[in-house]
1. Give me a count of the residues in region 50-69 that are more than 21 Å from LEU169 (Cβ to Cβ), of a type in the set (Gly, Ala, Ser) and touching a residue at least 40 places away in the same chain (Cβ under 8 Å).
2. Could you grab me the full set of residues in region 13-50 that are charged (D, E, K, R) and surrounded by 13 or more Cβ atoms within 10 Å (Cβ to Cβ)?
3. Looking only at region 3-12, count every residue that is assigned to a loop (DSSP other than H, G, I, E, B) and buried (at least 18 other Cβ atoms within 10 Å of the Cβ) and tell me the total.
4. Tell me whether region 57-74 contains one or more residues that are touching a Gly at 6+ places or on another chain (Cβ under 8 Å) and either at positive phi or not aliphatic (A, V, I, L, M) (or both).
5. Consider region 77-104. How many of its residues are among the hydroxyl-bearing types (Ser, Thr, Tyr) and surrounded by fewer than 17 Cβ atoms within 10 Å (Cβ to Cβ)?
6. Show the residue pairs meeting these rules: Cβ distance below 8 Å; 6+ apart or different chains; first residue within region 75-100 and more than 20 Å from SER9 (Cα to Cα); second residue among the acidic types (Asp, Glu) and assigned to a loop (DSSP other than H, G, I, E, B).
7. So, in region 32-86, exactly how many residues are assigned to a helix (DSSP H, G or I) and of a type outside the set (Gly, Ala, Ser)?
8. Looking at SER51, SER46, SER5, which one is polar (S, T, N, Q) and in contact with a His (Cβ under 8 Å, 6 or more places away or on another chain)?
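Every read-out reported here was derived from the displayed coordinates using simple, explicitly stated rules and does not represent laboratory data. If you're wondering where the values come from, they're calculated on a predicted model, not measured in any experiment. Every residue, glycine as well, gets a Cβ built from its backbone with ideal geometry; the counts of neighbours run over all protein chains shown.
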Amino acid sequence: MKNTSSLISFSDVSKTYGNGEDAYPALKKISLTIFRGEFVAIMGPSGSGKSTLMHIIGCLDSPTSGRYFLNEKDISSYNDDQLAHIRNQEIGFVFQAFNLLPRTTVLKNVERPMMYAGIPQEERTKRAMECLTLVHLETKANSLSNKISGGQIQRVAIARALVMNPSILLADEPTGNLDSKTSHEIMSFFQELNKQGHTIVLITHENDIASFAKRIINIKDGEITSDKKSI
């Protein structure tokens, strides 16, 4: 039986940057729920508010007003240290820019989040190799990150995002630096991860990339304009 418990819940979340006449409302009373096991794409043009929404989901920013529940905990008013802990333990980030250390081995790059969490070396190596096997790159463990292809680099980034066994895989324009064929390979890979039970939230402005998700939320001018199940 599928687990349909709420993982992410926004209640009237607003985000305003600046004050007085310079105030800019990036998000306006957003309410949404994302359930465990979903694959959701959040779409919108530049300046729509999708990046702000991603930053709040990823605990990189906090709402100005409203409440954000993650795993049924109200984290709206968490301080920076508490948010940093949530980011390390609950959220796996996959960015457009990959953010790997170039002259470091694939294995060491995947181990990095566990170093910050104080996990012993033996356990780090074991878990990193398990995640590299999951993304079919176990044979590249000792290769330097600047000696593998773009698609392989992004799969290393996905392995690194998975290594802490996060509640959410948060992918921000993850195919932005990849050619069309490699982009579709990476998105098919995200679909496989979702079938295995991973909750994925994808930020994109491209329709063909969003179409890999099971649900598409469109945002414009800081408001949700549509929220539909993908066919």
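1. Qualifying residue count, region 50-69: 2.
2. LYS15, LYS28, LYS29, ARG36, GLU38, LYS50
3. 0
4. no
5. 2
6. From region 75-100, the pairs are PHE95/GLU173; GLN96/GLU173.
7. Qualifying residue count for the region: 13.
8. After ruling out the rest, the residue left standing is SER46.
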